[in-house]
Every structure is written in C-alpha cells, then in structure tokens.
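Novice: Below you will find the structure I want to go over with you.
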Amino acid sequence: MLTFSECTLVKLDKRFGLKQIWTSDVLNDWLNADAEIVDWEINLLNLLRESLILGVHDWNEFELKQRFVAPIFAMVHFTSDTFNLFAERNFAGTVESIEMQGKPDGIIASGVREPEKPYFCFQEYKKERDPKGDPAGQALAAMLVAQEINEHKHPIYGCHAIGDVWRFMTLQDKHYSISGSYAATRDDIFDIFRILKTLKLIIIALVEKEE
C-alpha cells in the first residue's frame, strides 16, 4: 500500500518509470486558453487577493482553504448533474499492481453525493511556512490513480498550491508536466481563475464525449 501523503516526485519517478517533460501541448493549451472574466468576478477576486495578502503568512492550512481556495473553486462552480467537486474523500486504486490511496484536498469526479469516476483534476494546497511532504508528488500520485480509472483514455489535469503560489499539472501516459508559478497575491490571480474556468470547459467537453 502506498499512501498519497508519502509520495514524492522522486519516489514516483523511480517506482513507475515516470518522466517530467518540459514542453507539453496539453498543458500549454490549457494554460493559454481564453475564458471570460466578468466584472463581479473581478471584484470578488480582488477582495480575495486582499485577504490573501494580509493573511497568507499566518493562516494555517484550514484557514487557507476556507478563506481563499474554497471561494475560488466555488466561483468557478464545479457542480452539475454529471460531476462535482469533492473535498478530502477517500480515493484509492491500483497502479501497476501497487495499491494507492489517500484523501486529496480536492477532486472533481462524476457523482452527486459521492465521487465515482474522477475527472482529471486534483489539488493539494499546503501552508506557506514549513509545508509537510511534497504537494506536487501527492497531487501526481492521485493523478496516477485517476489515470488508471480512466483507462489512459485522455490526459489527467492537476493543480497544487503552496501558500499563494499555484502550479498546474498534466499527466499523459508516463509523462507529466508542471507549470511555472502563479502568485495569487499578484495579478496572476486572474490567470489562476481563467485556467480553472477553462478546466471546467475541458471537463464538460470530455463528459459529453463519453456519453
């Protein structure tokens, strides 16, 4: 049994023969896609950014989730009659005969009351000071399980954040990519929100393709 919390990029690379690639069309297309941000969203994002600037160095992990991360995802509204956003639910699977499990901070999956088939996006968001473990490795571990559940039919999308710094990830077969840093205390917050809105459109398109 391998738990997500003990996973690091080094451990996963060695265990599963993974390779980080520095150029990914899938990641680039996701990061550079257009998505409209309307006035009320801009106003709320500015308020959230002000709160983050004041509190990010002192908040604990729960406060960071409750006061910044959760409102951002709520604004995108990853809720429909086919998929939903779930938090800290048990999630497990088998990758190359190795059982893996954990409780990702966030998972977008089919289902209304409980997650069923995962839809390509996982987040690990940690406290800025003295984070425990490797959030990129933990996110990638959950993405590997999602890839198996989805039978390698399409890329898996992920995200992890440390304090105010967000990075986005994609996984396809044994290759994964990690974006550069987006600082939510700067104007990058609008890019973060745009990327998440684009993710919703990607998920909707993939769900429709499967139906």
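Novice: So how do 177, 51 line up by other beta-carbon neighbours within 10 Å, fewest first?
Specialist: Exposure proxy ranking, most exposed first: 51, 177.
Novice: When a footprinting reagent is the concern and you count Cβ atoms within 10 Å, what order do 168, 62 take, fewest first?
Specialist: 62, 168
Novice: Out of these labelled values of log10 I(q)/I(0) by the Debye sum over Cα atoms at q = 0.08, 0.11, 0.18 Å⁻¹, (1) -0.28, -0.54, -1.38; (2) -0.25, -0.48, -1.39; (3) -0.34, -0.61, -1.28, which was calculated from the coordinates shown here?
Specialist: The listed entry that was calculated here is (2).
Novice: Rank the residues 81, 188, 105 as a footprinting-exposure proxy: fewest other Cβ atoms within 10 Å of their Cβ go first.
Specialist: Ranking 81, 188, 105 by Cβ neighbours within 10 Å, fewest first, gives 81, 188, 105.
Novice: Hey, another quick one. If contacts are Cα pairs under 8 angstrom and at least 6 residues apart, what is the relative contact order of segment 2-210 in percent?
Specialist: 26 percent
Novice: Moving on to the next point. Between exposed trypsin sites (Lys or Arg not before Pro) in the chain, where DSSP calls loop and at most 16 other Cβ atoms lie within 10 Å, what's the longest gap?
Specialist: Counting at most 16 other Cβ atoms within 10 Å as exposed, the longest clean stretch of the chain is 1-88.
Novice: Just flag the GluC sites (Glu not before Pro) in segment 1-43 sitting in loop per DSSP whose Cβ has no more than 14 other Cβ atoms within 10 Å.
Specialist: When the GluC sites (Glu not before Pro) of segment 1-43 are filtered for loop state and at most 14 Cβ neighbours within 10 Å, 36 remain.
Novice: Report for the chain the percent antiparallel among DSSP-assigned beta bridges with both residues inside it, nearest 5.
Specialist: 75 percent
Novice: Take the residue pairs 14/174; 11/200; 65/103; 19/117; 14/65; 11/209 and return only those whose Cα atoms are more than 23 Å apart.
Specialist: In this structure, 11/200; 19/117; 14/65; 11/209 exceed 23 Å between Cα atoms.
Values in this text are rule-based calculations from the coordinates and carry no lab data. Remember, predicted model here, so these are calculated numbers, not experimental data. Using ideal geometry, Cβ is built from the backbone for each residue, glycine included, and neighbour counts are taken over all protein chains shown.
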